[in-house]
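Take a look at the structure below.
The values are calculated or read from the model by the stated rules, or taken from the named source; none is laboratory data. Computed from a predicted structure; not experimentally measured. FYI the Cβ positions are ideal-geometry reconstructions off the backbone, even for glycines, and counts take in every protein chain you see. Heads up: the accessible areas ignore ligands, DNA and RNA and are worked out on the full protein's heavy atoms, side chains in. Shrake-Rupley method; radii C 1.70, N 1.55, O 1.52, S 1.80 Å.
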Amino acid sequence: TFFRPDGQVVDLLVSERDSLAYRVEALRAYLEQEVGLSAFVCLHRFLTASAQIGAPDDVGGVGRSLEALPQHAIEYLPLVHQLIVCEDMCFGQ
């Protein structure tokens, strides 16, 4: 179960019988729809770069690009992080 920034449950229209890969893609599609594709890509890149580099201060331009995003998109960072964790589990990235 995933939660929106306002605490409401995200309705992905998936079932327990659906594969993990399908549920991960449903979450990705939901996030792209909620924040827009370019904002989603920016959030995803920021979190991925932060994890790879190890320190948020080292992400440079990717971190600065977050400043241009609307607050609405920034509020989805925790949910994008959950997506990345699920992607790692599912696809072994």
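Observations, loosely collected:
- Whole-Hz couplings from phi, Karplus 6.51/-1.76/1.60, listed for the range 22-29; x for Gly and Pro: 5, 5, 5, 5, 5, 5, 4, 4
- Solvent exposure, largest accessible area first (probe 1.4 Å, DNA, RNA and ligands not counted), of 83, 77: 77, 83
- The chain - mean residue ellipticity at 222 nm from DSSP helices (-39,500 (n - 2.57) per run, n ≥ 4, rounded to 500): -19000 deg cm²/dmol
- Cα→Cβ-extended label distance, 7 Å offset, between residue 67 and residue 52, nm: 2.3 nm
- Accessible area per residue for the chain, computed on protein heavy atoms with a 1.4 Å probe, is 64 Å².
- Within the range 5-19, backbone nitrogen closer than 19 Å to the virtual label 7 Å beyond the Cα of residue 84 toward Cβ: 5
- Protein accessible area in the chain, 1.4 Å probe - carbon and sulfur %: 52 percent
- Each residue of the range 3-12 was assigned a 3J(HN,Hα) from its phi angle through the Karplus expression (A = 6.51, B = -1.76, C = 1.60, θ = phi - 60°), giving 10, 6, x, 8, x, 6, 6, 6, 9, 8 Hz with x at Gly and Pro.
- Annotation: peptides 23-35, 1-13, ranked by per-residue average of other Cβ atoms within 10 Å with the highest first, follow the order 23-35, 1-13.
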